Every structure is written in C-alpha cells, then in structure tokens.
Amino acid sequence: MKKIILVILSLLLIFNVKADEINLSDYNTETLEEVFKSEGINTDLSSYKESDDKVNIYLFRGKGCPHCSDFINYVNNTLLKKYSDYFNLISFETWYDENNATLLNQVGEFFNYDTNSQQFGIPFIIIGDKTFVGYSDSYNSQIEEEIVKLYKSKDKYDVFKEMANPSNKTEPLSSTFIIVFFNFIISSILCFILLRNSNKNKLKILNELELLKKNMKR
C-alpha cells in the first residue's frame, strides 16, 4: 500500500513541475565583436566593454538578412560611437540555428505577436520591454531613447528574467487541461485508497472490540 501511495505522489510531482527558466547559455549567442566579424565589419571596439550594469540589446537575426545587416551597420556607425557605455549587444542567429529560431517564436509569443504572421520576423530587436520588428532609419530615435531610458532606470527590465517569472508563465489550454484532468484522476485514486485503507482499519478495530466484549462476558 505504501509503495502505491509513493508512486502516485511521485506522478503528481512530475506533472506539477514548472517550466524551467530560460538559460541563455543553452543557446548559441554572439557578442558584438562576433556579429561584426560575421558581417565583415572591421571596427575599433576598444571603447566597448560588456558589463552587467549596461542595457542588454537582444537581436534575433539571420546571416545574410539585408535588414539585419542595416541594423548592425547602424550599431557600428551610430550606437557604438554615441552609447558604447550604455549597452551590451547579444545576438541570436535564427536562419541556421533551429534552437534560436524556436526561442525567437517563444519570445515573440511572450510579447503577444502572431509569430505565423508576415508582420513578424527578423531582425527582431528587444530593448527592455520595447520591441522592434524589422529595421529602418525611422526606428533610430526610438531605439536611442529606449537605451538611455533603460540605462537610467533603477529596475532594468529584461525579457528573459520576466519569462522566468512564474506569474508570467502560460501554457497552451490543451496542455493545461490535460495536466489538471490527470491530477484530478490521480488525486481521486489516492483519496479512494486512503479512505479504503482507513475503513479497513476501522473495521479491524470494531472486530477487536467486539471480540473483547465477548471475552469479558465469559
């Protein structure tokens, strides 16, 4: 009986496991230097140092994507010169890396994009809680404003930390229903076993009392 109960409790624990935190070390990321090298850009990066107190610019791109290349050149020609002390750039190549492509869709869905729509794609740029799909010169002032605003903010929003927050995690309806239904069935079985075992114990006690009464009468 104890073995059965332990097995059931183990199943309940398995089906109640939360989604793991997204760990960027599990993905192939590129630094600014690696992105420039990939794009054939030779530039002086002596004034650029990555640090935890800077703003993280997350870039989902494709190698050979012309609009991605336009954004990277903007980083080189403008952002690096004006805001090198403000930001880190973390890039995910999505055309040749399936895991990064999957992550792109997860992040897009987190920001309520229809990832199957033609309006969603690369480059996909994230600065704090602001996103930019595609790239054009019209984005420049907004991008620079977001970098400065987030850098000066005491609480720097980071999408991957937010996605790891249990209150922000969601699951597909079908998956949630299956888990809830399975938990209900297992819990019901467990309660039935416990009650049945309890009733057996009660019956045993009553029988022993009855036998005791008989012996006392004798």
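We did not get these values from a lab; they are worked out from the coordinates using the rules stated. Not measured: the values here are computed from a predicted model. Don't worry about glycine lacking a Cβ; one is built from the backbone with ideal geometry, like all the others, and counts go over all protein chains shown.
Extending 7 Å from Cα along the Cβ direction at K82 and again at N105 yields two label points whose distance is 3.7 nm.
Largest first and in whole Å, the equivalent-ellipsoid semi-axes of the stretch 56-129 read 22, 14, 11, each the square root of five times a Cα gyration tensor eigenvalue. For W95, the residues whose amide H sits under 5 Å from its own are K63, ignoring neighbours fewer than 5 places away on the same chain, with H placed 1.01 Å from N. The three principal axes of the Cα atoms in the stretch 21-168 give end-to-end lengths of 39, 37, 31 Å, sorted in falling order. If you plug the beta carbon distance of I189 and Q119 into 1/(1 + (r/R0)^6) with R0 = 45 Å, you get a FRET efficiency near 0.40. Once the chain from K130 to E50 is taken as fully extended at 0.36 nm per residue, the excess over their C-alpha distance is 26.7 nm. Assuming charge only on the beta carbon of Lys and Arg (+1) and of Asp and Glu (-1), the dipole of the stretch 76-160 about its Cα centre is about 400 debye to the nearest 20. Given K63/K154; K63/K149; K37/K152; K82/K130; K49/K130, which pairs have Cα atoms separated by over 28 Å? Flagged as over cut-off: K63/K154; K63/K149; K37/K152.
Using the Cβ of E50 as centre and a radius below 13 Å, the other residues enclosed give a net charge of -4, where K and R count +1 and D and E count -1. Remark: I90, I185 ranked as I185, I90, counting other beta-carbon atoms within 10 Å and listing the fewest first.
Each Lys or Arg adds one and each Asp or Glu takes one away; over the other residues whose Cβ falls under 13 Å from the Cβ of G121, this sums to 0.
How much net charge surrounds E93 when only other residues with a Cβ under 10 Å from its Cβ are counted (Lys, Arg +1; Asp, Glu -1)?
Numbers: positive: R61, K63; negative: E30, E34, D97.
Once all neighbours under 10 Å are counted, the net charge is -1.
Modelled spin labels at K161 and E39, positioned 7 Å past Cα toward Cβ, are 2.7 nm from each other.
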